[in-house]
Structures are given as structure tokens and as C-alpha cells.
Amino acid sequence: MKRIGIFSMICILASVCLIGLLYAFRVKPYTAKNGFVRNRTSKAVLLKTYDLKYLSFYFAGSTDNRIYLCNYAAPSRIQTFDIDLNFIDDDTLKIMEPGPYKWDKARTCVDSPYIYMQEGVTPIVFEGRLEDLQMRKTFPKAPYFTGNWNLSPNSMIVKCILGGDRQYVVGKSTQDSPYIRYNKKALTKQIDGIFCCEGNISIDKENNAVVYTYFHRNEFIKMDTNLNIIFKRHTIDTNNIAKIKVAEIPGTHTFKFAAPPKYVNLLSCADNNKLYIISALMADNDVSDNFKKNMIVDVYSLADGNYKMTYFVPKYQRQPIRELRVKNNILYAIYDKSISKFQLNE
Amino acid sequence: MKISNAIEPFMTSPSGYRKKMSKIIVELICVLFVFLFVYTAVSKFIDYQDFKAVIGQSPLVTNFAGSLSIAVPLLEIVISLFLIVPRWRLIGLYASFALMVIFTTYIVILVSFSEDIPCSCGGVISRMSWQEHIVFNIFFVLLAFVGMILQTKTTSKSSK
């Protein structure tokens, strides 16, 4: 009996030591020296925080005096706030032609006075107006997409995986012929063409700019709204090549990461001819404690693509920022269950 | 009165009866473990590439993904064999206990300290939430512990 006690204790101690060692020597790409510095830094000033009470909110859009939030878990609901984060309204979109769609993939986009709701698996796009929220089918010839960004009732930018090339491309989908036009040159394959090309699109409407920011490499691409490339620029870190490892699962045509993927750029938002990127990487002159407590927002000029400065935006109760919007030097950040408003001083 | 009569034999039963009970319990525990290990090992081998990729995503073991993806299911099969053969059963139970303790520690540390947590436990077990997973594992750790005690008791008594 005594032997069992001793054996159990040794087992527990040994596993704690073993796993503890594995943990101590784990792969941690974000806190290592990354070979670049951030010189012009400033702290974002918190103006207000509002408790959303639920997870999985995202920005649907905004106007000069309204902010619209939607939730992946309740796809047809839309919450309205004023720009000081005072709750105004909670509404339900009226889907006039319901059907068996992939609602869990649906995303709503507000571009006043229009509102769109869409998912790219079916694919289906609904369009309505903010005043009555009656959503009707539009874009009958939309391609399959993994993400889309509405430009107008007649056109939208889509991100798709093309079957033949098995690669991510961006395209512009329109109501009229030719319905879809891809720019196959915009995204460049480095490893597998899909994971290595993953990224986020943000649109600076006033300046007619469409910006693609890669997640895994230090690059962003500025295009016009017809997806003609204006320039490709590098972010300040040194990750030219995506550091990811991908495995093909035989017989299933599926691909999976085979190692923890290294993220470079987490979130991005274009506004007022500037690009705001939340970087995952610590600079050599960043203080580790500062890096743990803040999200790092690097600002680039969209006029020439040059780095301008960096803002430290505090995490909320150790939660990272999940969604980011910037409008005229005001930054809105959605955390797990709350939204905050910050002032960005130059 | 009747109830206490019914409990009586369990409290002061002759050692033969108790031994029989513990033998049955140990047998049940072994069956559960063999089922668990064979099931998860086979599902790991069937989706071998998938399993290898997913444990590669773990920040803790990514450097050992290649060897672990073979070693873990193999170990599970070997332990199952030990549990099946009565003479080796005690060793099998010790090994099951050790393996489950390692798995549980791994999950607890991963869940409490790490940010992204991939799961690669095989079959339906990977559909469990992390809390369920921890409870499930601790249940099996306790099972192995009970198994070790009962098996030691029964074997030491029968040898007397």
C-alpha cells in the first residue's frame, strides 16, 4: 500500500516536472528579440468602456454618429451605439427570403444607408436599408468566398480560394457582367498558397483604397477599388517569409497547420489615409511587461506606405483586442465581452 | 432493520466475498482502460497525419511531434496488452496511472498557461470541452489508482 502511495507521488511530481520543463522551453515566438525597433511610441488614452455582456461581437460598420455591432452567435441581430458608446437600440434583421444558409458563417456589414448580410459558403448576399432592415437577396452570381467587404450595392471585394490553383486570390464581384474579376497577381504564394496568404482586408472609403494585410508575413498591399495594385510595402518587423508549417491530410483534401503558426500582423484597419496594424511581435526596445499589458498598434501612411508611429493600447483585464476600428484618431476595440473607446494623440 | 441487514454482509463480509468483489472491480477497470487506450490509439493511427499535424500545433510538444505521434498510440497499445494479461496486470495499472497523470498534467498546464490549445486525443474524446476533458482524465486517474490498490490487495492475499 505504501508503495502505491510513493509511486503515485513520484508519478505526479515527475509529470509536473516534465510538463513544466516542456512549458518552460516551449515555442514562444512573440517575446523573443525580433530584430527591429519602435521609435515613436505613444499611449492611447482610454475614454470609455462599455460592457457588452456577451462574447463574439464584431464591428458591422459606422456612420458619423453611429456604431453598429453584430454578433456571430446571433447573426440577425444588430446593436446600435452612438459614437460615445451609449447603447441606443437592439434590432433584428428581417430576412425576406429565408433559406438553409450557413448562418454561423454570416457577417453583417453596414454602409449607410445600406446594410448587407452575407456568407460565402452557399454563397448568399442580402441587401437592405438601415431604416427598415428588410433584407433581400442580391448578387445572384457571387462566387464562393471566405471573406467579403462591401463597396456599394453593386460591388464588393471578395477573398476566395481558387480550386485549380488552390490559392487565395482577391476579386471584385459585381451585379453585372463580368460578375467577378480576380486579381491573381495581388497575393503571392510563399508556402502552400492558402495559409501563407491569409490576411485581412480593410477599406479606406474616402481615399478609395483597399488594403490587404498578411497575417504571417511583414507585408501589406494597397490597391484601388478595382484591385489594381498601387504599392506593396513591408511592416517594420523582419518576417519576409511566412513562418508556418502546413500538412496535407491524405484522402481528405484538407490542410492543417503542423506547427504553431507565427503571426506577424493580427488585426488591421485603414482610415484617413493611414493603416493601423496590431502587431504580434515585440520590438527589441519594447519592455516585456509593457508588451504583455498592451496591444501594439503600428501606424503606416497609406500615401507612401511608410511607418509613422506606434500606439500602446491597453488590454482589458488581460484580454487581447479581438476587433479593431479607427475613425479620425478615435480607436474602438472589442475585447472578449466589452468595447472601449480610445483617443490616439499624435 | 431490513436495510441494515442488507448492508451487513458488505461491512463484515468474509474476505473471500470481498476478494471476489475487488477482483470484479479490477477487471472492470482494466476493461475500461483497454477500451479507452485501444480506441484512442486506433483513431490516432487511422488519422495519423492529422494527429501528427495537430500535436505539432501544440507549443509544448511541437518539436517532438514526429516521435510522439508514434510513441503515444504505441504506448497505449502496449499498456493495453499488459492490462489484458493477468500476470502483468499490476504493471499495466501502474503504467496507466502514470500515463493518465502525464496527460492530465499536460492539459492542466496547457489550459491554465497557454493561449492556443489544440486537442489531439483521438476520436470522440477530442470533441470534449477542456473542463470535461480534465474531469474525464481525473476520473481515469482515480480509476487507475483504485485499480492499483485493489490489485495489490488481491494478489498479496492470494499469495499468502
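Odds and ends about this structure:
- Using the Karplus relation 6.51 cos²θ - 1.76 cosθ + 1.60 with θ = phi - 60°, the per-residue 3J(HN,Hα) values for the range A:195-208 come to 4, 6, 9, 4, x, 10, 9, 9, 10, 9, 4, 4, 9, 6 Hz, with x marking Gly and Pro.
- Taken about its Cα centre, the range B:15-75 carries a charge dipole of about 480 debye when Lys and Arg each add +1 at the Cβ and Asp and Glu each add -1 at the Cβ.
- Cross-link reach is defined here as a Cα-Cα straight distance under 16 Å, omitting same-chain residues fewer than 8 places apart; for B:Lys44 the lysines meeting it are A:Lys256, B:Lys52.
- Trypsin sites (Lys or Arg not before Pro) within the range A:43-117, DSSP loop, no more than 16 other Cβ atoms inside 10 Å: A:Lys53, A:Lys102
- Delta accessible area of at least 10 Å² on complex formation, residues of the range A:250-299, 1.4 Å probe, chain isolated as reference: A:Pro250, A:Lys256, A:Phe257, A:Ala258, A:Ala259, A:Pro260
- Accessible surface of A:Ser202 - all protein chains present, 1.4 Å probe, nearest 10 Å²: 10
- Distance between the pseudo-spin-label points of A:Ile241 and B:Ile46 (7 Å out from Cα toward the beta carbon): 3.8 nm.
- Computed with a 1.4 Å probe over protein heavy atoms only, the accessible surface of the protein assembly as shown comes to 50 Å² per residue.
- Counting only residues at least eight positions apart within a chain, or on another chain, the lysines with an alpha carbon under 17 Å from that of A:Lys2 are B:Lys153, B:Lys157.
- Overall form of chain A per C-alpha gyration tensor (a/c, 1.5; a/b vs b/c): rounded
- Prolate/oblate/rounded label for the range A:58-174 (Cα gyration tensor, a/c 1.5): prolate
- Accessible surface of the protein assembly as shown, 1.4 Å probe: 59 percent of it comes from carbon and sulfur atoms.
- The calculated FRET efficiency for the pair A:Asp51 and A:Val27, based on their C-beta separation and a Förster distance of 41 Å, comes to about 0.70.
- FRET efficiency for the B:Leu28 to A:Arg3 pair, using the beta carbon distance and R₀ = 25 Å, is estimated at 0.60.
- Shape of the range A:166-213, Cα gyration tensor, a/c cut at 1.5: oblate
- Of all the options A:Phe25, A:Phe215, A:Phe257, the one that moves most in a Gaussian network model of chain A with Cα springs shorter than 10 angstrom is A:Phe25.
- In straight-distance terms, cross-link reach from A:Lys53 covers every one of the lysines whose alpha-carbon lies under 28 Å from its own, apart from those fewer than eight places away in the same chain; here that gives A:Lys43, A:Lys94, A:Lys102, A:Lys105, A:Lys292, A:Lys293, A:Lys315, A:Lys327, A:Lys337, A:Lys341.
- Length-normalised contact order for chain A - Cα pairs under 8 Å, 6+ apart - percent: 17
- Modelled label reach - A:Cys17, point 7 Å along Cα→Cβ, the range B:96-112 residues with backbone N closer than 15 Å: B:102
- A Cβ-based charge dipole, computed about the Cα centre of the protein assembly as shown with Lys and Arg at +1 and Asp and Glu at -1, lands at about 2020 debye.
- Taking amide H as placed 1.01 Å from N in the peptide plane, the amide H of A:Lys262 sits under 5 Å from that of A:Lys243, each at least 5 places away or on another chain.
- Applying 0.36 nm per residue to the separation of A:Lys308 and A:Met96 and subtracting their alpha-carbon distance, the gain on full extension is 71.7 nm.
- Label-zone membership for the range A:280-314, site A:Arg40, 7 angstrom Cα→C-beta point, backbone N under 19 Å: A:283-286, A:296-313
- Simple point charges give the picture: +1 on the Cβ of Lys and Arg, -1 on the Cβ of Asp and Glu, and for the range A:155-249 a dipole about the Cα centre of about 200 debye.
- Cβ neighbours within 10 Å from other chains - mean over A:3-16: 5
- Once all protein chains are placed together, A:His234 keeps about 100 Å² accessible to a 1.4 angstrom probe.
- Residues with amide H under 5 Å from that of A:Asp111, placed H, sequence gap 5 or more: A:Tyr116
- Average beta-carbon neighbours from other chains, 10 Å sphere, peptide A:237-247: 1
- Percent of beta bridges antiparallel (DSSP, the protein assembly as shown, rounded to nearest 5): 95
- Across peptide B:145-151, the mean count of Cβ atoms from other chains lying within 10 Å of each residue's own Cβ comes to 2.
- Buried accessible area, chains A and B (both chains, 1.4 Å probe, Å² to nearest 100): 2300
- Between the listed residues A:Ala247, A:Pro140, A:Asn306, the Cα displaced farthest toward the positive end of the dipole of chain A, a dipole computed from Cβ unit charges relative to the Cα centre, is found at A:Ala247.
- Taking all protein chains as shown and a probe of 1.4 angstrom, B:Tyr39 keeps an accessible surface of around 80 Å².
The values are calculated or read from the model by the stated rules, or taken from the named source; none is laboratory data. Computed from a prediction, not measured in an experiment: that's the story for all the values here. We place every Cβ from the backbone using ideal geometry, glycine too, and count neighbours over all the protein chains shown. Surface accessibility is based on the protein's heavy atoms, side chains included, excluding ligands, DNA and RNA. Shrake-Rupley method; radii C 1.70, N 1.55, O 1.52, S 1.80 Å.
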